[in-house]
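Just below is one structure, and these are the notes that go with it.
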Amino acid sequence: MRVEPQQLKAFLADADLVSEKQFQEAQETAVKTQKRLGDILVAKGFISQEDLIKMEAYILGIPFVNLGEEKIESEVLKIIPEPIAKSHSIVAFRKKGRDLEVAMLDPEDLTTIDFIRKKANLRILARLTTPESMKQVLQQYSKTLSAEFGDIIQKEVTDIKAFQDRGEEGENEHELEKVAEEIPVIRIVDTLLKHAILQQASDIHIEPEEKEVVVRYRIDGILRDAMVLPRQAASGLVARIKVLSNLKLDEHRLPQDGRFKIETDEYRYSVRVSVLPILDGEKIVMRLLPETSRALTLEQLGFRGESLEAVQKGLRRPTGMILVTGPTGSGKTTTLYSMMELLNTPEVNISTVEDPIEYRMPRINQTQVRPDIGLTFASGLRSLLRQDPDIIMVGEIRDTETAKLAVNAALTGHLVLSTLHTNTAAGTFPRLLDMEVESFLISSTVNVVIAQRLVRRLCEEREEYRLNEKELERMSEYIDIERVVSILREEGVIKKGEGIQDTLFFRPKASATCDDGYKGRLGIYEVLEVTETIKHLVSSGATSDDIQAQAVKEGMRTMMEDGVVKAAQGVTSLEEVLRVIIE
């Protein structure tokens, strides 16, 4: 089953979807690049992907389906195993008697259809769909698994041999090792990890309480209850995770940190483990770090327009400092990794000192801080300077010694990237002064300061609304409405003569594929470029408010303004912007 170019041309012309000239141009490109004609037509914007697939389905006599909002029964979905569904882009979505309807992207994949027909012993009815629809329906596998995981864990919990809390006096390493090797305990930990990965969680929290153990996942920056386990599971879970992380099993009074890896055919994760003694036992937090993920581009992170240009200009300079600021969990390290990805060429030597090393990057020399043996940020940075680096990344400037070394490195011909804990870009300068760095050295070395937060992305299904008087009043407490209107006009969100009350904003809307209306995150930023005026203010000991006011006068877009623009563009919601900045 194949759509020939001449067939496609005739039907597209008949439907008045693509002109003769456009088709000819796309066909020439397809021949040169050896790509599918349909893909070229879509890439050039001559036709939408959905219209193309509908047309191909019509020519082939195969019905078209859009499964974006369809909730598929668990039993039907599981007829095609998840690995086959993902690798061949084919899903079962409806079963009537002995007929099984399957949605697919490639109508020529007869081998897979034949395999499913034999395996399921059913008559297969093929349907065409779009890649976006396929992506959304594939996500339902993890949601189907969610209920299954709960059943598996509850079953395994009942099989755990009672291991009473005898207190640290009564527990010994041998007993704990035996508990850690019990099959039910191993299965529970493996299932918790797999479920968290499928849910795209960044952290797993295992929290013992007086009568139960609460497990929570952090998804898109928000902690959510995953499941509640009986108290008797606590010792086994802690022992198993300690064994995996190579930690001391019989140490219950002191915090411990470790790491282990998970590798399957589908994913590879490094898991960072923190164990902390609390009133009812030991709390465990596991950070899940995907080893296969690549650094995102600055545009994918959410940088736009003049802010993006200011960052790129700072990265082109051979010396100086670029600092990224914000609270814990605001994506600072991810921004630094994206910058290093841009700078990572064979002509330069990039060295880092980090705690922890979150992602491995080829051709970059990454050093892990080890305070227990004297390898701190300061001592690591001092050693890096003897390694002939061009670019240095310091995971975090925490103390006076590290701050002074970083400034000196920038003064002696290096480009230094680092992070700092401040709430605004302008707050960076007083913070460095607190660390006893001379003001003239700060103004001479710092090129760009980025302050950032992470907001959740809205799903495609969302609600439109306009601000009412009460909401406008609240917004005017945090932003200059006239300035925001001017920015919205520049961005083409509203037309000349329209105001903030005419601007469409969006609220999350729950759907079958998007539980709370949000999926994924992106950054909102303020990028402060250190101009001559800003240098003068820093050298003269100006306050962060004075520096902020001058930067805004020179065109800096504040985080709140960047957030409002992204809310008006439908990327996030105003509630989300206010949550991360104000509340």
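The values are calculated or read from the model by the stated rules, or taken from the named source; none is laboratory data. Keep in mind it's a predicted model, so treat the numbers as computed, not measured. Cβ: placed from backbone, ideal geometry, glycine included. Neighbour counts: every protein chain shown. These accessible areas exclude ligands, DNA and RNA; they are computed on the full protein's heavy atoms, side chains included. Shrake-Rupley method; radii C 1.70, N 1.55, O 1.52, S 1.80 Å.
Tabulated data
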| quantity | calculated |
| --- | --- |
| Candidates Ser274, Ser293, filtered to the one that is more than 17 Å from Glu529 (Cα to Cα), assigned to a strand (DSSP E or B) and small (Gly, Ala, Ser) | Ser274 |
| Which numbered condition Arg453 fails, given (1) surrounded by 18 or more Cβ atoms within 10 Å (Cβ to Cβ); (2) modelled with pLDDT under 95 | (2) |
| Only listed residue being over 18 Å from Gln368 (Cα atoms) and free of Cβ contacts under 8 Å to residues at least 60 places away in the same chain, chosen from Glu263, Glu282 | Glu263 |
| Out of Glu358, Glu341, sole residue that is modelled with pLDDT under 95, part of a loop (DSSP other than H, G, I, E, B) and surrounded by 13 or more Cβ atoms within 10 Å (Cβ to Cβ) | Glu358 |
| Matching option when the condition is within 28 Å of the chain's Cα centre (by Cα) and open to solvent by 40 Å² or more (accessible area, probe 1.4 Å), among Thr352, Thr376, Thr367 | Thr367 |
| Residue among Ser439, Ser418 that alone is of a type in the set (S, T, N, Q) and at pLDDT 95 or above | Ser418 |
| Helices (runs of 4 or more DSSP H) completely within region 415-527 that count 1 or more residues being under 23 Å from the mean Cα position of the chain (by Cα) | none |
| Selection from region 188-212 of residues that are outside any helix (DSSP H, G or I), buried (at least 22 other Cβ atoms within 10 Å of the Cβ) and more than 20 Å from the chain's Cα centre (by Cα) | Ile206, Pro208 |
| Residue identified as over 26 Å from Ala180 (Cα atoms) and not aliphatic (A, V, I, L, M) among Ser293, Ser274 | Ser293 |
| Residue identified as open to solvent by less than 80 Å² (accessible area, probe 1.4 Å), part of a loop (DSSP other than H, G, I, E, B), closer than 15 Å to Pro107 by Cα and touching a residue at least 12 places away in the same chain (Cβ under 8 Å) among Ile53, Ile47, Ile62 | Ile62 |
| Top-ranked residue in region 77-98 [being assigned to a helix (DSSP H, G or I) and in contact (Cβ under 8 Å) with a residue 24 or more places away in the chain; ranked as most open to solvent (accessible area, probe 1.4 Å)] | Lys86 |
| Flag for Phe115 being modelled with pLDDT of 85 or more, surrounded by 18 or more Cβ atoms within 10 Å (Cβ to Cβ), over 25 Å from Val18 (Cβ atoms) and not β-branched (Val, Ile, Thr) | no |
| Residue list for region 379-420, filter: of a type in the set (Asp, Glu) and open to solvent by 70 Å² or more (accessible area, probe 1.4 Å) | Asp388, Glu401 |
| Region 565-583: number of residues that are open to solvent by 30 Å² or more (accessible area, probe 1.4 Å), among the β-branched types (Val, Ile, Thr) and over 17 Å from the mean Cα position of the chain (by Cα) | 2 |
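Residue by residue, here is whether (1) under 18 Å from Met104 (Cα atoms); (2) part of a loop (DSSP other than H, G, I, E, B); (3) β-branched (Val, Ile, Thr); (4) out of contact with any Leu (no Cβ under 6 Å at 6 or more places or on another chain) holds:
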| residue | (1), (2), (3), (4) |
| --- | --- |
| Val3 | yes, yes, yes, yes |
| Leu8 | no, no, no, yes |
| Val18 | no, yes, yes, no |
| Ala26 | no, no, no, no |
| Ala30 | no, no, no, no |
| Asp39 | yes, no, no, yes |
| Ala57 | yes, no, no, no |
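Results for (1) over 21 Å from Val271 (Cβ atoms); (2) part of a helix (DSSP H, G or I); (3) modelled with pLDDT of 80 or more; (4) of a type in the set (A, V, I, L, M, F, W, C), shown as yes or no for each residue.
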{"position": "Ser142", "(1), (2), (3), (4)": "no, yes, no, no"}
{"position": "Glu148", "(1), (2), (3), (4)": "yes, yes, no, no"}
{"position": "Lys155", "(1), (2), (3), (4)": "yes, yes, no, no"}
{"position": "Lys161", "(1), (2), (3), (4)": "yes, no, no, no"}
{"position": "Glu168", "(1), (2), (3), (4)": "yes, yes, no, no"}
